[in-house]
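For reference, the structure discussed in these notes is given below.
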Amino acid sequence: MADNKLDPGAPRLGWLVDGDPTTPEVAVLLHDNGANIRLTIPWPDGWGDSPYRKWFDSIGQSRRADEADTSGVPSGLLFHDVDGPVSLVGCRAVSTRATAPGSGEGVVDVRFALLGGRENYEKINGLRSEMPGLGDWIGLRSITEAPTRDDQSRLRSLDLHLESPGPIALDRSLNLRLRPNFRYGLGSEPDTRVLKEAIEIETLVTKARSWGEHIANHEAVRQLLCLSAGRTLGYGQQWANRASDPERTMSGRVVCPRWAEVRSYELRKADTSTTRPHFLFGFSEIGVRGFKRWLRVRSDFERGVLPLTDLLEQRRTPIETVVAQAGIGFEALGYAIALESGVSRGSAKAESHEARLERIFTQIPDVLPEDCANWVQRSVATYNGVKHANRPQPSLIELADTQRLNLLIFRLWVAARIGVQPSSLAAHLRTDPMARPLVPL
């Protein structure tokens, strides 16, 4: 199914299968508009008894919290056309229109589209995710190069050996692991061959689980990668597996497991930027043991770690909002550290914001030119400046530079918690963009 694609701006006209033998066949339009995946369903009798029209009756209607929506669009649908099948997951009615009298149509939002999927993929056995930058962070390679040069150091030949190393088991949760891989084939332009190596995040289980469970494990890897890089890194290609829907021959014989390509706008996409990130620490410096420590940090300090980690995702959020979120995250983190150190809940609750920041700073290695008192004063002043209308308003450069330092200190705290050595952090800080103060032009 080489042509079974879903490219933005290239709608596909096909047929709908909803799993109900009593509903008639209907031609539908599957469309990726660049921001959403949408399915448009028409009907000829806009005010009649079309079963598809009834799917959209509940749009805009309110109902009790304990009342199920039995008239809506089925969550799992199947689309097929001349290019092949597409399994649609997480379907939800978003709009409808009709003439009176005459025809009508309803529009369905699709969370996940599985290219080549022939079954309901609402629960899956496996998920694989590529993430640009992950290979550099892990340091595992599938390509070994052996160049030959002449006496003037010009390249005369190059031998490439392609062999992927074995996977790295990260955690027992859904058998989370890192899987080195490479692909080789014809390029999109004439006379070209493409060789690509990548590291895939993989979860794979015998009993099918929800998308949320699989994604949560992949997000744990992505968040740690983002903290090391000090910037947002997103997903590249993704594939899903459902054990009951393998690849088959025309005669029905099973050939191999099917890994259907996933198209979705649910998750953060990788940037088109080709700039390589500078990492504060690499996987070789923490290993599997360090990753397991990260999972415990995310769990034990969740109310502080998650909002602080999320700050790297805030691209278009006003700086005042970002600074306020950092203050809230540090409040929760400092409180949890106080409890961990044996302070009673009452005493921990009564601690000032300054005291909580000091607790955090004392747990990072001595690798910064900044002292504790100076950072605490700056962070508290900017936090209170955006939180309270009666406090002095910090300048934009003060807000941005303090927020830079806030994020750097949080990243250092995470790195220390998962076992990165101070000497390694000091070396990496020389090239880390967050280590350089912001100055007005």
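Computing the accessible area with a 1.4 Å probe over protein heavy atoms, can you report the carbon and sulfur percentage for the chain?
Carbon and sulfur atoms account for 51 percent of the accessible area of the chain.
Once you order the gyration tensor axes a ≥ b ≥ c over the Cα atoms, which shape class does the stretch 361-414 get: rounded for a/c under 1.5, otherwise prolate or oblate by comparing a/b with b/c? Prolate, since a/c reaches 1.5 and a/b exceeds b/c.
P(r) for the stretch 308-441, from all Cα pairs and a bin width of 5 Å, is 2, 10, 20, 22, 21, 15, 7, 3, 0, 0 %, short bins first. Computed over every Cα-Cα pair of the chain and binned at 20 Å starting from 0, the pair-distance distribution P(r) comes out as 20, 44, 31, 5, 0 percent. Computed from backbone phi, the HN-Hα couplings of the stretch 415-423 come to 4, 5, 5, 9, x, 6, 6, x, 5 Hz, rounded to whole numbers (Karplus: 6.51 cos²θ - 1.76 cosθ + 1.60, θ = phi - 60°; Gly and Pro given as x).
Net charge around P392, counting only other residues with Cβ within less than 15 Å of its Cβ (Lys, Arg = +1; Asp, Glu = -1)? So the environment of P392 carries a net charge of +1. What the phi angles of the stretch 266-271 give under the Karplus curve with 6.51, -1.76 and 1.60, with θ = phi - 60°, is a coupling list of 6, 10, 4, 8, 5, 5 Hz, glycine and proline written as x. Cα-based radius of gyration for the stretch 217-321, normalised by 2.2 N^0.38 Å, reads 1.42. Note that the stretch 296-311 has calculated 3J(HN,Hα) couplings of 5, 4, 4, 7, 6, 10, 3, 5, x, 5, 5, x, 6, 5, 5, 4 Hz, one per residue in order, obtained from phi through the Karplus relation 6.51 cos²θ - 1.76 cosθ + 1.60 (θ = phi - 60°); glycine and proline are x.
Counting only protein heavy atoms and using a 1.4 Å probe, the accessible area of K123 comes to about 110 Å². Could you pull the accessible area for D81 with a 1.4 Å probe, rounded to 10 Å²? Roll a 1.4 Å probe over it and D81 shows about 30 Å².
Taking all protein chains together, L368, L186 sort by accessible area into L186, L368, largest first [probe 1.4 Å].
Charge tally for K123 (other residues, Cβ to Cβ under 13 Å; Lys, Arg +1; Asp, Glu -1): -1. Between the amide H of G117 and those of S87, distances stay under 5 Å, these residues lying 5 or more places away or on another chain, with hydrogens modeled in the peptide plane. Residues R242, R316, ordered by accessible area of protein heavy atoms at a 1.4 angstrom probe radius and largest first, appear as R316, R242.
Counting heavy atoms of the protein chains alone, E302 has an accessible area of about 100 Å² for a 1.4 Å probe. Over the stretch 385-441, all Cα pairs binned in 5 Å intervals from 0 give whole-percent P(r) values of 4, 16, 21, 19, 14, 11, 9, 5, 1, listed from short to long.
Go through K269/K349; K5/K123; K349/K387; K123/K269 and tell me which ones have a Cα-Cα distance over 29 Å in this structure. From the list (K269/K349; K5/K123; K349/K387; K123/K269), the Cα-Cα distance tops 29 Å for K269/K349.
The values are calculated or read from the model by the stated rules, or taken from the named source; none is laboratory data. Only a predicted model underlies this, so the values are computations on that prediction, with no experimental measurement involved. Glycine gets a Cβ as well: all are built from the backbone with ideal geometry, and neighbour counts include every protein chain shown. SASA here: full protein model, heavy atoms, side chains in, ligands and nucleic acids out. Shrake-Rupley method; radii C 1.70, N 1.55, O 1.52, S 1.80 Å.
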